[in-house]
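Visitor: Dumping the structure here so I can ask a few things about it.
The values are calculated or read from the model by the stated rules, or taken from the named source; none is laboratory data. Everything quoted here is computed from the prediction, not taken from an experiment. Cβ: placed from backbone, ideal geometry, glycine included. Neighbour counts: every protein chain shown.
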Amino acid sequence: MPKKAIVLLSGGLDSITVLALAKQQGFTCYALSFDYGQKHNAELIAAAQIASDYQVTEHKIIKLGFGSISGSALTDADIAVPNTLQQGIPVTYVPARNTIFLSFALGWAEVLNLQDIFIGVNAVDYSGYPDCRPEFINAFQNMANLATKAGVEGQRFSIHTPLMKLSKGQIIQLGVTLGVDYQRTVSCYSADEQGRACGVCDACRLRKTGFVEAGIVDPTRYQ
């Protein structure tokens, strides 16, 4: 039987690398993206193009209402995206985002009768979000195998996090070996309608530093 997997695809640098890696490992891929009320849709446009480029079997974009509970600079018009480093967990943290994203992926996995889910979380070069840590992923995987019909019947789910312990530069170097075109990706929290990055938000800072570390020319389109 062919291996099948769901890949969470944001349209950013990390998620395209994970998709390319899953394909390289022989998985037939299903891509899952979320319109969660973010302030721009440039990353979703990028995700749709990436899903097409990589010929995924199916690409779903799930619409969620994070904006209705606000609490994040990415979804609340009254909270500005910071352009300086913050102490602690930044205001760009979206409450429970990865828990909800993975829950949708888990439900779809049961429908598709597959056990592998890939997500591009990272605990080295990241903004300090608590739902990007290995402890969270391990807890969610344990929950997945307790709270599903498939898990109870012995079909063990695996949450794959191949980028967890890599620096941003190492992620970029990996992607280059896989033939990833990073110009197609959008990572910026404040991208414009053309998908051009602001160059000053935390996501842009990490991305810029990664290309410098990797020794690769930054192909990002900036405003």
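Visitor: Give, as residue ranges, the strands (runs of 3 or more DSSP E) completely inside region 1-96 that count at least 3 residues that are crowded, with 20+ Cβ neighbours inside 10 Å and modelled with pLDDT of 95 or more.
Guide: Once the strands (runs of 3 or more DSSP E) in region 1-96 are filtered for at least 3 residues that are crowded, with 20+ Cβ neighbours inside 10 Å and modelled with pLDDT of 95 or more, what remains is 3-8, 27-35.
Visitor: Still on this structure, I have one more. Among helices (runs of 4 or more DSSP H) lying entirely in region 117-223, which contain 1 or more residues that are within 20 Å of K39 (Cα to Cα)?
Guide: It comes to 202-214.
Visitor: Which of the residues belonging to region 59-87 are touching a residue at least 40 places away in the same chain (Cβ under 8 Å), aliphatic (A, V, I, L, M) and either in contact with a Lys or Arg (Cβ under 7 Å, 6 or more places away or on another chain) or under 18 Å from N98 (Cα atoms) (or both)?
Guide: I62, A73, L74
Visitor: What residue, of A109, A123, is touching a strand residue (DSSP E or B) at 6+ places or on another chain (Cβ under 9 Å) and crowded, with 18+ Cβ neighbours inside 10 Å?
Guide: Criteria check complete, one pass: A109.
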